[in-house]
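Quick notes on the structure that follows.
The values are calculated or read from the model by the stated rules, or taken from the named source; none is laboratory data. Keep in mind it's a predicted model, so treat the numbers as computed, not measured. Cβ sites come from the backbone with ideal geometry, for glycine too, and all protein chains shown count toward neighbours. Calculation scope for accessible area: heavy atoms of the full protein, side chains included, ligands and nucleic acids excluded. Shrake-Rupley method; radii C 1.70, N 1.55, O 1.52, S 1.80 Å.
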Amino acid sequence: MRKAVHMAVTSVIVALVVSGCGDSDDGKKDSKPSGEATQAAQKSPSESPAAKRTIIERSAGSWKSIVAAKSDDALETLTIADGKVTAKGPKLDCTGTLKGGENKPSLTLSCKGGSDGGRGEGTVGMKGDDALAINWKGAEGGFGGPVDSFRRAG
C-alpha cells in the first residue's frame, strides 16, 4: 500500500514539473505590462486629448469636404483659426465665426459668389479629432438645411 501511495505522489510531482507548474519563479507573474496593455492604456477615452478639449479648440485647422463638389453652392474646404472661419467652394467664398457651447458650438457663415445653399447658421459637431460635420439650420419654417462633412486636410 505504501508503494502505491509513493508512486501516486511521485507521478503527480513529475506531472507538475513537466507541465511547468513547478518552475523557479514561485508563481510570481511578470510585473511588466505587455506592449498591448500599455498601448490600450494610452488610448483610454478618458485620457485622450479629445476628451479634454472643446470642439472649438479641436476644430482648428484645415478641412476638406468628404463629398466632391457637385454644384456651385457646395463647400470644398473649410479653415478654422481662433474662432474665425473661411470656407470655399466652386463659386463660393465664405467667412464666418465659430462660438458658443462646448458640445455644440454655432457657426455663422456669410457667403459671396452665389447662393449659400441653405447655409447661414449651423451647429458644429465632431467625431474624434479628424471628422467634422456642420448641421445647417436651413430656411425659416423648414425641416432643416444641408449637412456638410469634412475630414482634416493634410
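General remarks:
- 15 Å beta-carbon shell around residue 139, net charge (K/R +1, D/E -1): -2
- Shape class for region 110-152, computed from the alpha carbon gyration tensor (a ≥ b ≥ c): oblate, with a/c not under 1.5 and a/b at or below b/c.
- Near residue 103: Cβ cut-off under 14 Å, other residues only, Lys/Arg at +1 and Asp/Glu at -1. The net charge is +4.
- For residue 88, the solvent-accessible surface computed with a 1.4 Å probe is close to 100 Å², ligands and nucleic acids excluded.
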